[in-house]
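For reference, the structure discussed in these notes is given below.
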Amino acid sequence: MAIDQKELGRRLRQAREACGMRQEDVARHLDVSRSTVAQMELGNRAVTGLELSRLAYLFGKDLRTLVADEAPDEEDVLVALFRLHPELSSEEDVLEALRSCMALGRELTGLERLLGIDRDLATVAAYPLSRPRTKWEAIQQGERIATEERRRLGLGLTSLPDVAELLEAQGVRTAQVNLPDDISGLTLIEPEIGFFVVANREHHILRRRFSYAHEYCHVLVDRDRRGLVSRGRDRDELLEVRANAFAASFLMPADAVRQFIYALGKGHPSRMEAEVFDEDEPVRARARAAPGSQDIQLYDVVQMAHHFGVSRTAACYRLKSVRLLTSAELDALLDQERAGRGRELEKLLGLPEPDHQARRNEFRHRFLGLALEAFRREEISRAKLVEVAAMVDVSAGDVEQAIVDLGLDDDEGADILVPEA
């Protein structure tokens with residue numbers, strides 16, 4: 001039995017208050033007066049379908065659960081984030097990014113279910129850990145979990161393939177979305193979406209790769225949190241320190257880094273000593289490397305970064321963390337990188353630069369592919385296809401052209417949807 005206006009109004013008020021919004025804020029988004037919003041919440045004024053859709057988006061709710069017979073869960077992702085980060089209520093750009101990601105995650109989940117693509121969430125690994133008390137403990141936890149997860153996946157010390165594909169294979173949905181520059185990624189965890197990891201589409205492909213690994217740590221370890229936003233200004237927070245340590249170790253295992261540098265004839269101590277024992281007394285041998293022969297150069301870093309699929313800066317810091325660079329050597333290499341010499345060396349060595357622009361649209365291709373297939377099977381309407389495409393900035397005109405080009409327009413008399421002027 002459908003809920004009545006009074007109950008809907010109560011739920012709308014509850015959702016608004018949980019998000020820390022005022023009636024004036026809602027009125028501005030709906031382009032109505034504050035008193036109109038008040039009447040909606042009192043159940044004295046009917047809510048149109050379009051208004052309800054906008055309100056669901058505004059509150060980060062699924063429209064279907066908002067009007068379901070059973071009252072929706074009050075502690076959804078957006079509410080959980082507000083509880084943990086009350087300052088979000090004043091950051092409209094971040095809020096809008098979160099709303100967009102939640103809507104996108106629900107739509108992606110819905111398309112997959114329509115097409116019979118069911119993910120077994122039970123297969124997503126979990127590593128219950130206590131919250132770290134210090135940065136040192138956070139780093140140790142992150143590195144340990146990275147080693148365990150590599151072992152579980154049978155990855156050994158090999159460089160990782162596409163990280164987004166790896167996460168998808170583990171049952172985690174991934175996406176690339178335009179986010180504020182300070183946000184590298186976010187993780188959403190709720191029954192309607194499952195595990196949903198988002199990387200900032202505006203960031204370079206190598207940074208997105210690191211972000212996916214970072215967010216994967218949140219999926220593996222921070223399961224008790226419904227949502228997490230990874231922002232640069234929060235890098236000193238212990239959960240972020242742990243996730244960054246995980247990402248660095250997951251992408252560049254310490255032993256693999258040492259093996260790579262040793263293969264270049266670098267990284268050994270300048271003085272070496274060995275002993276052979278013959279059950280009587282030891283025989284000692286000493287050797288000394290040629291001065292400067294073990295010093296890691298920027299061209300070594302360039303090759304290492306290419307091998308592991310990380311930025312040159314990330315490679316420098318990883319070499320320091322595994323004690324193959326001193327602080328002074330790290331600073332010198334970073335100065336050279338900032339001066340643009342790393343890119344010059346990359347060209348000199350003939351190493352291909354990652355195609356950042358082409359890879360930015362990977363998620364859009366996959367998402368639209370699912371929507372087109374759902375339309376072909378008549379699981380969604382033409383109008384719904386246009387609506388879904390708009391979520392990834394594809395115009396109605398481009399959708400109509402694709403329908404024609406793919407031969408999906410069987411109804412010659414169908415109305416053609418065109419973008420509004």
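The values are calculated or read from the model by the stated rules, or taken from the named source; none is laboratory data. Remember, it's a predicted structure, so these values are computed and weren't measured experimentally. All Cβ positions, even for glycine, are placed from backbone atoms using ideal geometry, and neighbour counts span all protein chains on display.
Among the residues of region 98-119, which ones are under 19 Å from VAL26 (Cβ atoms) and surrounded by fewer than 21 Cβ atoms within 10 Å (Cβ to Cβ)? Across region 98-119, the qualifying residues are ARG99, SER100, ALA103.
Restricting ARG83, ARG64, ARG13 to residues that are more than 16 Å from LEU228 (Cα to Cα), at pLDDT below 90 and part of a helix (DSSP H, G or I) narrows the list to ARG64.
For ALA243, are the conditions met, namely being crowded, with 24+ Cβ neighbours inside 10 Å, without any contact (Cβ under 8 Å) to a residue 60 or more places away in the chain, among the aliphatic types (A, V, I, L, M) and touching a Leu at 6+ places or on another chain (Cβ under 9 Å)? It is false that ALA243 is crowded, with 24+ Cβ neighbours inside 10 Å, without any contact (Cβ under 8 Å) to a residue 60 or more places away in the chain, among the aliphatic types (A, V, I, L, M) and touching a Leu at 6+ places or on another chain (Cβ under 9 Å).
For region 314-332, state whether one or more residues are of a type in the set (A, V, I, L, M, F, W, C), touching a strand residue (DSSP E or B) at 6+ places or on another chain (Cβ under 7 Å) and surrounded by 13 or more Cβ atoms within 10 Å (Cβ to Cβ). No; the residues of region 314-332 include none that is of a type in the set (A, V, I, L, M, F, W, C), touching a strand residue (DSSP E or B) at 6+ places or on another chain (Cβ under 7 Å) and surrounded by 13 or more Cβ atoms within 10 Å (Cβ to Cβ).
Residue-by-condition table, conditions (1) more than 26 Å from LEU84 (Cα to Cα); (2) in contact with a Leu (Cβ under 7 Å, 6 or more places away or on another chain); (3) crowded, with 24+ Cβ neighbours inside 10 Å:
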{"position": "ALA126", "(1), (2), (3)": "no, yes, no"}
{"position": "THR158", "(1), (2), (3)": "yes, no, no"}
{"position": "PHE196", "(1), (2), (3)": "no, yes, yes"}
{"position": "LEU206", "(1), (2), (3)": "yes, no, no"}
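Filter region 133-169 for residues that are β-branched (Val, Ile, Thr) and part of a helix (DSSP H, G or I); which is nearest to VAL197 (Cα to Cα)? The residue in question is VAL163. Counting only residues that are outside any loop (DSSP other than H, G, I, E, B), under 30 Å from ALA332 (Cα atoms) and modelled with pLDDT under 70, region 268-298 holds 4 of them.
Residues that are under 24 Å from GLU373 (Cβ atoms) and outside the structural domain of VAL198 (by TED's automatic domain parsing): does region 68-81 have at least one? No, that holds for no residue.
Checked against (1) assigned to a helix (DSSP H, G or I); (2) within 17 Å of ARG223 (Cα to Cα), SER130 passes all but a single condition, namely (1). Output the residue which, of all residues in region 349-373 that are among the aliphatic types (A, V, I, L, M), touching a helix residue (DSSP H, G or I) at 6+ places or on another chain (Cβ under 8 Å) and surrounded by fewer than 17 Cβ atoms within 10 Å (Cβ to Cβ), is modelled with the highest pLDDT. So the residue we want is LEU349.
The condition of being at pLDDT 85 or above, closer than 30 Å to GLU41 by Cα and under 19 Å from the mean Cα position of the chain (by Cα) holds for only one of ALA103, ALA56, ALA125, that being ALA103. Exactly one residue out of ARG150, ARG119, ARG133 is of a type outside the set (A, V, I, L, M, F, W, C) and over 21 Å from the mean Cα position of the chain (by Cα): that is ARG133.
Note on region 16-44: among residues that are in a helix (DSSP H, G or I) and acidic (Asp, Glu), the one that is nearest to GLU91 (Cα to Cα) is ASP25.
Scoring PHE210 on the criteria (1) surrounded by 22 or more Cβ atoms within 10 Å (Cβ to Cβ); (2) under 20 Å from ARG366 (Cα atoms); (3) hydrophobic (A, V, I, L, M, F, W, C) leaves a single failure, condition (2).
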